[in-house]
Each structure stands twice: as structure tokens, then as C-alpha cells.
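Okay, structure first, notes after.
The values are calculated or read from the model by the stated rules, or taken from the named source; none is laboratory data. From a predicted model like this one, the values you see are computed outputs, not experimental measurements. Quick reminder, even Gly has a Cβ in these numbers, built from the backbone with ideal geometry, and neighbours come from all protein chains shown.
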Amino acid sequence: MRPVTAILLATLMLASVSSCKRIEAKLRRLAEQSGVTPKPPPPPKPAEPVLTAEEQAIEKKLQESAMTDAAAPEPAVPAAPAFELNKSSVVAILGYHDFRDRGGSPMLISAPKFKEQMQAIKDSKIPVIPLSDVMAWKRGEKNIPEEAIVITMDDGWEGVHTYAFPILRELGFPFTIYLYKKYVGGAGRSMSWEQIKEMMQHGCEVGSHSVSHESLKKRPRNAKADADVQQWILSELKDSRDFLEQNLKIKVTSFAYPYGNFDDAIMETGLQIGYESLVTVNGQKVTWDTPNGKLGRYIIHGDNDTNFKLATSFRGRGDVGSNKFLAATSKNDQGEQLIQLKPGPDEVITDRTPLIEANLKKLGTIVPESVKLRIAGLGTVPADYDPSTMVVSFKFPYKLRREDCALSLSFQRDAAQPAEVVSWRFKIDLKAAYLPAQ
């Protein structure tokens, strides 16, 4: 910068400062003349004290915590726990054939006897469920009752519609019919398509029972080679299913082996072509581990109750015909509750490890060794029975994760009398159970 220019700038700055001072002085004089005292300038803001190293670390943590709290949503009540599959359930599948006013042959049961059996199941409160529920359970999609019954009927006799269907419909029981291609549609004493469709509207599921109802282990007369046999087996399995699906507009996923005859190769063929379940005539209950191609059934032979009793006897408890079932709300002649239950029937609780109690004092005498408590998901549990107080008790060893708990208590008042059973259930409010204590 040139000396002349610098001198000029300095002169201008000095003139500006001098002018500002003159203006301030003039303003003060005017304020004094008007009697107004100007406000003093605010005192300078005191400097923040320098934080120590320890204070700086604390301040940093507080700032980080505040940022985290601002970013995180408000803590909500935990959602209900994930679905937990109960693999301890047991299912009995009953198998029937034809129905008439009277019995007379192993494949024919009288309507009165069938009604008696179905009413015994109803009184027992053992649930009757559709076969599709069993398969959904085995797929891990849903739970089924701890003990359950499935009702099936083979061949497609008209007596199913005439005699069995009204009873099943009245009691609200679902059922499955297995039909074979050469005996369906109203020929002889077979059901018509209209009758089948009517039942399908009221809890009836349909499965395949082959094309010809011939034993699948029997070699066809026109089969010249093993390949011919395999082709025939494939057609018996597949053509019968396609036939039913086309006529009923449904998906058929279950097959009943004619006469119960099959081997592992036949079973594998059935599974490979898309059957989800294949049922036998072997009197065995279905559990989680039962192969889907070997689901056992208890075939009822005429009016004989033997297989029915085996089917409806669960885990050492007598069959449904040998037990007396009490309602959880039963009362004595004085109007007093016969059995005091805690938690009570349909009660909603928040304790996830509840103490179960049943006071049997109003019943009179009890055979101590006859007392058994069953809980869905656990089976028979080691309940305590105190003969002096006549109270049955059991404390859950772990937290319940389901919203519903079903229980069944059996006992005898006298060793010579049949066991009596009372069943009830209570609910757990899982949402409330997770809330912090007030």
C-alpha cells in the first residue's frame, strides 16, 4: 500500500471515531435535558469455569445418554412370547365303516351303539378334532388339545349319511370319510355326491381310499413285470385323489390304505405324490413322532366295544365309558360347590407360575393313590395330596408362556367305584403379567 493511501485511510478512521463520540455526547445531553437516565450497559457475562478432566468425562456420558434416550422409543409392554408348540399331545383315531338300525357284522355298527359311544365321548369332554388339525399340529403350525379324538369312516356307505351324520352333527363332531373311486356317486348303497357335499358343509373332510379298494400289496392279474405293479399302485393312489378333487373341488391330502395293507415303498410313493397323511388299521395312538405315512387307527368292529375302550383310554386313565365326569361347577344337595378349584374355571390370572389347588373335602372320602392331575403340555404331574385337608396342590415349576391352561383331575371316592374326572381351564393375561409391579 502506498504511504499516501495509508495516511488517507487512517485520517478517515479517526474522523469516523471522532464523529461517533460527538454523536454519543449529543445524545447524552438530550437525555439529560429531557430527564431520562440512560440504562447502563449490561455487565459482561462471566466466563464459564473450566471443567476438570473428571467433570468433562461425566458431561460426555450425560450427553451420550441423552442422545440414546432421544433416539430410542418409549419402552412398551413386552409382546406376547413367541408361539410354543406342545409336542406332548396324544390323538386316538377311530375307524368305522357302515351303519344300520341294527348291527350284525364286524363292518356294521348299529345306530344306537354308535350314539352311545359318541355320547360317552361328549360327556368325557375329550375334544373331537378334524384330522386337518392334527396335521397342522404335526407341521408345527398350531397346538391341539393334550388328548383328542378323530373320527373316520371308510368306503362311503349310505348309512354314514343316514345314521351317523345326524348324530355327529347334533354333537358338533367333525369327521373324515375315505372314498374309493369305484364306489361313490350313488351306485348301490353308496352315498351320492349331493349327500357328500351336504356333509362337507357340516364338518366333514374327504380323503381317498384308492380306485378299486384292492389290497395295494396284491399283485394285479395283468401285471407282467414289477414296473407294471408300480404303475398300478401309482394309479390307485393318484387317480383316486384326482377323481375326488375334480368332483368335489377340494384338495385331498389324506389316504386310507385298503384293508390296512401297505409297505414302506407304498407309503413313500403316497408321500411323494403329495399325500400328507396315510392312515392304517393298526390300533395305536398318534403322537408327535408318529410317521405321517403310518397314522394308526382303532377300527370299531360292529357293536363290540373293545377297540373303542382302548382308543378312549388315555395315559392309564380308564376309557370314557368307565369314568364318571363331573362338571367343574357341580354342587351338592345343599347347593355347595363340590370341588373348590384355584385358579377357578375360566378365571383370568397374571401369575405365570400359579399354584394349582383342588379342595375335595365336600366329596367325602377319597382314595389317596387314585388322585391324578394332568395338565396340557405336561401330562400327568407330581401333584401333592394331603389326606388331612383333602387338598390337591401343584406349583408350576416354570413360567407359563401360553394364554390358556387346561387341567384334568381324576380320583376315586371308593376303590370299588369308577374314577371320577373333573376338567377345567383358566387363562393367563400375559400382557398384564409383564407389567411392572405398582
Residue count, region 285-316 (criterion: over 17 Å from residue 137 (Cβ atoms) and surrounded by fewer than 20 Cβ atoms within 10 Å (Cβ to Cβ)):
12
Per-region count, region 97-134, residues over 21 Å from residue 84 (Cβ atoms), in a loop (DSSP other than H, G, I, E, B) and modelled with pLDDT of 95 or more:
2
Only one of 432, 415, 406 is of a type in the set (A, V, I, L, M, F, W, C), surrounded by fewer than 19 Cβ atoms within 10 Å (Cβ to Cβ) and part of a strand (DSSP E or B). Can you tell me which?
406
Out of the residues in region 121-145 that are over 14 Å from the mean Cα position of the chain (by Cα) and surrounded by 20 or more Cβ atoms within 10 Å (Cβ to Cβ), state the one that is farthest from residue 253 (Cα to Cα).
124
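If you take the residues in region 186-231 that are part of a helix (DSSP H, G or I) and among the hydrophobic types (A, V, I, L, M, F, W, C), which one is surrounded by the most Cβ atoms within 10 Å (Cβ to Cβ)?
As a first pass, look at region 186-231 and keep what is part of a helix (DSSP H, G or I): 193-200, 226-231.
From what's left, among the hydrophobic types (A, V, I, L, M, F, W, C): 193, 196, 199-200, 227, 229.
Working: 193: 12, 196: 23, 199: 21, 200: 14, 227: 9, 229: 16.
Selected residue: 196.
State whether one or more residues within region 76-87 are modelled with pLDDT of 95 or more, within 24 Å of residue 275 (Cβ to Cβ) and either assigned to a helix (DSSP H, G or I) or of a type in the set (A, V, I, L, M) (or both). Let's see the steps before the verdict.
Step one: of region 76-87, the residues modelled with pLDDT of 95 or more are none.
Taking every residue of region 76-87 in turn, none turns out to be modelled with pLDDT of 95 or more, within 24 Å of residue 275 (Cβ to Cβ) and either assigned to a helix (DSSP H, G or I) or of a type in the set (A, V, I, L, M) (or both).
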State which residue pairs qualify: first residue under 21 Å from residue 150 (Cβ atoms) and inside region 97-120, second residue β-branched (Val, Ile, Thr) and assigned to a loop (DSSP other than H, G, I, E, B) in any location, beta carbons under 8 Å apart, and separation of 6 or more residues or different chains.
109/300; 117/300; 120/312; 120/320
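Per-residue answers, yes or no, for (1) over 26 Å from residue 90 (Cβ atoms); (2) at pLDDT 95 or above:
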site	(1), (2)
136	no, yes
147	no, no
155	yes, yes
171	no, yes
179	yes, yes
194	yes, yes
Members of region 219-259 that are within 31 Å of the chain's Cα centre (by Cα) and touching a residue at least 12 places away in the same chain (Cβ under 8 Å):
241, 244, 248, 250, 252, 253, 254, 255, 256, 257
